[in-house]
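Participant: Below is one structure. I have some questions about it.
The values are calculated or read from the model by the stated rules, or taken from the named source; none is laboratory data. As the structure is a prediction and not an experimental result, all values here were calculated from the model. We place every Cβ from the backbone using ideal geometry, glycine too, and count neighbours over all the protein chains shown.
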Amino acid sequence: MERLNYDTVIGADGIHSPVRTALFGAESPRFTGIVSFRSVVSTEKVKHIPEIEAFIKWGGDTPQKQIVTFPLNQRKETFIFATIGQESWTEKSWTSAGGSSRTP
């Protein structure tokens, strides 16, 4: 097999990354102390938020708290990504339902 050298390799291939395994060997995912929530909503529902139709990043009172939004589908929908710090994570799923009752 030919060996290639690169300055940067981006492997955006998920939590069970074959790219990471190829580069670093088999590893178990480890919890970083940050959980994220993702959603796509109708822009109509969030149009009252200033500048919502642009890429926006809001920072919270700690580095773990942030919200990122950006438009999708010709600005008809808005993608929302939010993170918070959390002490532990017991679920083994890459996806799980969340709600306001689960966020501190």
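Participant: Name the single residue, out of those in the range 44-71 being surrounded by 13 or more Cβ atoms within 10 Å (Cβ to Cβ) and of a type in the set (D, E, K, R), that is nearest to Ile84 (Cα to Cα).
Facilitator: So the residue we want is Lys65.
Participant: All but one of (1) part of a loop (DSSP other than H, G, I, E, B); (2) on the phi < 0 side of the Ramachandran plot hold for Phe37; state the number of the condition that does not hold.
Facilitator: That leaves (1) as the condition not met.
Participant: Six or more apart or on different chains, Cβ atoms under 8 Å: show the pairs whose first residue is in the range 13-29 and touching a residue at least 12 places away in the same chain (Cβ under 8 Å) and β-branched (Val, Ile, Thr) and whose second is in a loop (DSSP other than H, G, I, E, B) and surrounded by fewer than 10 Cβ atoms within 10 Å (Cβ to Cβ).
Facilitator: If the second residue must be in a loop (DSSP other than H, G, I, E, B) and surrounded by fewer than 10 Cβ atoms within 10 Å (Cβ to Cβ), the pairs left are Ile15/Trp94.
Participant: Here is a follow-up. Could you check, for the range 88-100, whether at least one of its residues is assigned to a strand (DSSP E or B) and either at pLDDT below 95 or of a type outside the set (Val, Ile, Thr) (or both)?
Facilitator: no
Participant: Something else: Within the range 30-66, which residues are of a type in the set (Gly, Ala, Ser), free of Cβ contacts under 8 Å to residues at least 24 places away in the same chain and more than 19 Å from Phe79 (Cα to Cα)?
Facilitator: If the condition is that a residue be of a type in the set (Gly, Ala, Ser), free of Cβ contacts under 8 Å to residues at least 24 places away in the same chain and more than 19 Å from Phe79 (Cα to Cα), then no residue fits.
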